[in-house]
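None of the figures in this text is laboratory data; all of them are computed from the coordinates on show. In this text the structure is predicted, and so the values were computed from the model without any measurement. For neighbour counting, all protein chains shown are included, and Cβ atoms are generated from backbone atoms with ideal geometry for every residue, glycine included.
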Amino acid sequence: MKIVENFKTYLWARFMRKIAKKQTRRRQMMGLDLAKTVGIYFYYDGEQSYETANKFATYLRNRGISATMLAYFDGKEKPVEVMETAYFGMFTKPQLGFNRVPHNDIANMFMKQPFDIFFDLSLNNHFQNLYIANASHAGFKVGRTSEEGLNIFDFTLEISDTADMQELIDAILKYLEVFNQTEETTIDFKNI
């Protein structure tokens, strides 16, 4: 069984490299002061994850930034407490293909949007999370540091394995505020 999983992982990595080669996005590091649109992706594991992501989106909207959210739920049907809106969509496990690529109109539209910043608030790296981050047309991609995501994200944050989504958001806000204060292209991270 391990051989099959290793082969699937190899094929997946090859698939991701192909997508990255086709990527036509304009990479641009930026802080929140310059951002006009952001995409927020997260793994839905209960109402708490939605509330945390929505609180972050509300904070961004209050700063005048258009924030759109997309969530993945590892179940057959969307939870009854979840209501999709113009700014929030969700896809579920049956909407993933064999290669774990989302076959969902909402997810596909989300990936095609040219966000200024893309935030992956997932705490674990599932193939579909990495696919969405890789396929996103965002100018600046921010996510948690992981071996799998190093070539996908433009900026990664290393947080403890026990950290929750709010801690990841707090770290993101801390560093993007530093980007806001910077007038030069280099940042001295030793003083943070």
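Figures for the structure shown
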quantity: Cross-link pairs LYS2/LYS141; LYS36/LYS76; LYS76/LYS141; LYS141/LYS174 - those with Cα-Cα distance over 25 Å; calculated: LYS2/LYS141; LYS36/LYS76; LYS76/LYS141
quantity: Inter-centroid distance (Cα atoms) of region 29-49 relative to region 96-146, Å; calculated: 11 Å
quantity: Counted charge near GLN95, where neighbours are those whose Cβ lies closer than 12 Å (Asp, Glu -1; Lys, Arg +1); calculated: +1
quantity: Phi-based couplings in Hz for region 97-114 (Karplus 6.51, -1.76, 1.60; Gly and Pro marked x); calculated: x, 4, 7, 6, 8, x, 10, 8, 4, 5, 5, 5, 5, 4, 5, 7, 5, x
quantity: Placed amide H near PHE118: partners under 5 Å, 5+ positions off or other chain; calculated: GLY39, PHE140, LYS141, VAL142
quantity: Mean Cα-pair separation over length for region 50-159, i.e. relative contact order, pairs under 8 Å, 6 or more apart, %; calculated: 17 percent
quantity: Within region 29-119, GluC sites (Glu not before Pro) in DSSP loop having at most 15 other beta-carbon neighbours inside 10 Å; calculated: GLU77, GLU81, GLU84
quantity: Segment LYS2-ALA171, extension gain: residue separation times 0.36 nm, minus the distance between their alpha carbons; calculated: 57.3 nm
